[in-house]
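Each remark here refers to the structure printed beneath this line.
The values are calculated or read from the model by the stated rules, or taken from the named source; none is laboratory data. All values reported here derive from a predicted model rather than from experimental measurement. Here the Cβ positions follow ideal geometry from the backbone for every residue, glycine too, while neighbour counts run over all protein chains shown. In case anyone asks, the SASA skips ligands and DNA or RNA and just uses the protein heavy atoms, side chains included. Shrake-Rupley method; radii C 1.70, N 1.55, O 1.52, S 1.80 Å.
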Amino acid sequence: MTPKAMFFTKGVGVHKLKLASFELALRQAGIEKFNLVPVSSIFPPRCKIVKRTDALKSYKKSGEKKWNLFPGDVVFAVIARNDTDEQGRMISACVGLAQPVDSNRYGYLSEVHEYGMDAKSSAELAEDLAAEMLASTLGLTFDPDKSWNQRKEEWAIAGKIYRPRSSVQVAKGQQKMWTSVVSAAVFIL
């Protein structure tokens, strides 16, 4: 059951009920038709990152079975979620990835759910956390400032190169409404 592909997605929803707000965020992300199972954070070796539109069109086109995603399927995902009913409160949900350049190595995904943080700050935090957690699984200490190559936009961890990626959704709470944000890395078996 090792995933062969993964796509990033994100969404925001607003509704007077918290659960409905979350459902609307899932709809915007395009993953509301699946039975989502949260999983932990390992990005599998040889897993290909595909575009959300390519991954989701398989159930929209009759007879096409490239990724075999259909409504009602059980789908594994690393999911970040945040909600607020406070007007003006900034919320963010982000999934960050430390992706190995060598596809035979595994990477690491992290989730960040923050208040008061903009998209750039949330993405940087999630990406740094993914690299730090990857290093810890390898038994290494990690300092993102020392391991980061700004020019190449990559980390060096134990001599191996990892590139950051992320999907982040931010929103501000609205008056007398629930606002939900979701970001997910969705696996395809």
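Return the label of the correct value of Rg and Dmax of the Cα atoms in Å, as calculated from the structure shown, out of (i) 17.1, 52; (ii) 16.9, 62; (iii) 15.4, 43.
Identified label for the calculated read-out: (i).
Quick one: compute the contact order of the chain, relative version, from alpha carbon pairs under 8 angstrom and 6+ residues apart, as a percent. Each step should come with its number before you reach the end.
Working: 496 pairs, mean separation 63.4, N = 189.
Dividing the mean separation by the residue count of the chain yields 34 percent.
Any of K4/K152; K18/K120; K4/K160; K120/K146; K51/K120; K4/K146 with alpha carbons more than 29 Å apart? Name them for me. Can you show the working numbers first?
Working: K4/K152 27 Å; K18/K120 26 Å; K4/K160 22 Å; K120/K146 20 Å; K51/K120 21 Å; K4/K146 32 Å.
Among K4/K152; K18/K120; K4/K160; K120/K146; K51/K120; K4/K146, the Cα-Cα distance tops 29 Å for K4/K146.
Which order do S166, S180 take by accessible area at a 1.4 Å probe, largest first?
Details: S166 45, S180 0 Å².
The ordering from most to least exposed comes out as S166, S180.
Towards the positive end of the charge dipole of segment 121-189, with charges on Cβ (+1 Lys, Arg; -1 Asp, Glu), say which of W155, S183, A135 has the farthest Cα.
Among W155, S183, A135, the one farthest towards the positive end of the dipole of segment 121-189 is S183.
Take peptides 126-138, 104-116 and line them up by average Cβ neighbours within 10 Å, highest first, as a rough protection proxy. Each step should come with its number before you reach the end.
Values: 126-138: 21.5, 104-116: 19.0.
Ranking, from highest mean packing down: 126-138, 104-116.
If amide H atoms are built 1.01 Å from N in the plane of the peptide, which residues on other chains or at least 5 residues away come under 5 Å of the amide H of I157?
The answer is Y162.
Under a cut-off of 12 Å between alpha-carbon atoms, report the aspartates and glutamates in cross-link reach of K33, not counting same-chain residues fewer than 8 places apart.
List returned: E23, D73.
Quickly work out the M1-to-S136 label distance, labels modelled 7 Å from Cα along the C-beta direction, and quote it in nm with one decimal.
Spacing of the two 7 Å Cα→Cβ label points: 2.5 nm.
What's the FRET efficiency of D143 with V39 using the Cβ-Cβ distance as r and R₀ = 22 Å, to the nearest 0.05?
Details: r = 28 Å, r/R0 = 1.27.
For D143 and V39, the calculated efficiency is 0.20.
So which trypsin sites (Lys or Arg not before Pro) in segment 114-189 are both in a DSSP loop and have at most 11 other Cβ atoms within 10 Å of their Cβ? The partial results should precede the final answer.
Working: sites: K120, K146, R151, K152, K160, R165, K172, K176; in loops: R151, K152, K176.
For trypsin sites (Lys or Arg not before Pro) across segment 114-189 that sit outside H, G, I, E and B with at most 11 neighbouring Cβ atoms in 10 Å, the list reads R151, K152, K176.
Per residue, what accessible area does the chain have, given a 1.4 Å probe and all protein chains present, in Å²? Intermediate values should be presented prior to the final figure.
On the way: 9970 Å² over 189 residues.
Accessible area per residue: 53 Å².
When only Cα pairs under 8 Å and 6 or more residues apart are kept, what is the percent relative contact order across segment 81-189?
Values: 250 pairs, mean separation 43.4, N = 109.
Across segment 81-189, relative contact order equals 40 percent.
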